[in-house]
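See below for the structure under consideration.
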Amino acid sequence: MSWVGWVAVSAGVLALVAVALGLWVYRQQGRLRAQVAAVAPAGTDAGQAPRGQLVAFVANPSKPDVTSLRAAVRKAASEQYLPEPLWFETTVEDPGVGQAREAVAAGADLVVAVGGDGTVRAVAEALAGTGVPMGLMPLGTGNLLARNLDVPLNDPIGAMQLAVDGQDKRIDVGWLRVLRHESEMDDDIAEAADDEPADTDEPRDHIFLVIAGLGFDAAMVADADDQLKARMGWIAYFVAGVKHLHGRRLRVRVTLDDRPAQQVRLRSLLIGNCGRLPGGITLLPDAVIDDGVLDVAVIDTRGGIAGWAQLLGEVVLQGVGVRNELPNKIGRIDHARARELHIEVAGGEHVQVDGDIVGRARELTARVDPGALVVRVAR
């Protein structure tokens, strides 16, 4: 055989080897694709990496540095290969309820409230019962829920990171309902949550996540100066409270669950879902945010400044786990627990929910909605 023949035979052998090798590679790729498809998450195309969570932010534009914060949020999301975040801003007409609902409708996996306690209440109002988790970027004066969930207070991006990387936790939600003269209430969050006119007299729910109250604490919130709050933060509430140290004691009729009603004299009635307040104060030491009950504190003083001084001592002591059980105290805090309360106040009294004044009420109820809200907390 000539050399031309040998070259032809060699070329044919090489061609057969190449075909065989190609078929082997093709079959191996097919097996690999089948393995990938078998382990791919539900709803994900084979070979396609699952997307990161879609995060929506509901921000109060009146808070300082919100514009620059939006840019920082987008940068942080990009660096973590998250989808372009959704950004909604609250308005005078809607403090965040509609925006949070829009975020859920757009497919958000997490909705972050960017602002103070009012923004948190509004976003929670929209998310309660949906299962969509809420994150917190606190920018307010009190930041009550953030304090109780150990969310960073002075590090917005750190708070965002906690929301993105944290774990879901179900917490209870409190609802306060005014039974008479709802038209006298002024709660833009509750008004944004339903289709009723703002001046309706139909009873409507007012959400709270930390503490609702009437009497001294609500009067203190009502009189706090906005400019002083901007300069001094939560200390402005204590300055306002000095004006009411000599205020009148209230006569209140209280019914806890199905127990007999009681007539009590008090300075303030607090209904709490959790008990940590600004200034390191723990007002409701037994309150647990996911135990399915509300903690009630009846606060009373007599004897002027001496009674208030003793009351302050009671608060400090109970914050470190010490209870003063001595009788006949002129400054005292009595604790109880209930799933539902019915309260009647002759003449009406200021009512606050998580630091927002909602008006003067004469008759109201409060109830707990166990595990109704999912929040993001640290792992």
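The values are calculated or read from the model by the stated rules, or taken from the named source; none is laboratory data. Quick caveat, the model's predicted, so the values are computed rather than measured. Note that each Cβ is placed from the backbone with ideal geometry, even for glycine, and that neighbours are counted across all protein chains shown. We work out accessible area using only protein heavy atoms, side chains counted, and drop any ligands, DNA or RNA first. Shrake-Rupley method; radii C 1.70, N 1.55, O 1.52, S 1.80 Å.
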Given labels modelled 7 Å from the Cα in the Cβ direction, how far is it in nm from residue 265 to residue 81? 6.9 nm
Counting only other residues whose beta carbon sits under 12 Å from that of residue 344, what net charge do I get with K and R as +1, D and E as -1? +2
Cut-off 12 Å between beta-carbons: net charge of the residues surrounding residue 261, Lys and Arg +1, Asp and Glu -1: -1
For peptides 276-282, 129-135, 97-103, sequence by mean Cβ density within 10 Å, most packed first: 97-103, 129-135, 276-282
Can you spot the aspartates and glutamates whose alpha carbon is less than 12 Å from residue 75's alpha carbon? Ignore those fewer than 8 places along the same chain. 84
Keeping all protein chains in position, work out how much accessible area residue 75 exposes to a 1.4 Å probe, and write it in Å² to the nearest 10. 120 Å²
With the cut-off at 1.5 for a/c, could you classify the stretch 150-199 from its C-alpha gyration tensor as rounded, prolate or oblate? prolate
Could you derive backbone 3J(HN,Hα) for the stretch 352-363 from the dihedral phi with the Karplus parameters 6.51, -1.76 and 1.60 (θ = phi - 60°), listing whole Hz in sequence and x where the residue is Gly or Pro? 10, 10, 6, x, 9, 6, 10, x, 9, 10, 9, 9
In whole Hz, with x marking every Gly and Pro, tabulate ³J(HN,Hα) for the stretch 78-87 from phi via Karplus 6.51 cos²θ - 1.76 cosθ + 1.60, θ = phi - 60°. 5, 5, 9, 6, 8, x, 3, x, 8, 10
Using a cut-off of 13 Å between beta-carbons, work out the net charge of the residues near residue 251 (Lys and Arg +1, Asp and Glu -1, residue 251 not included). +3
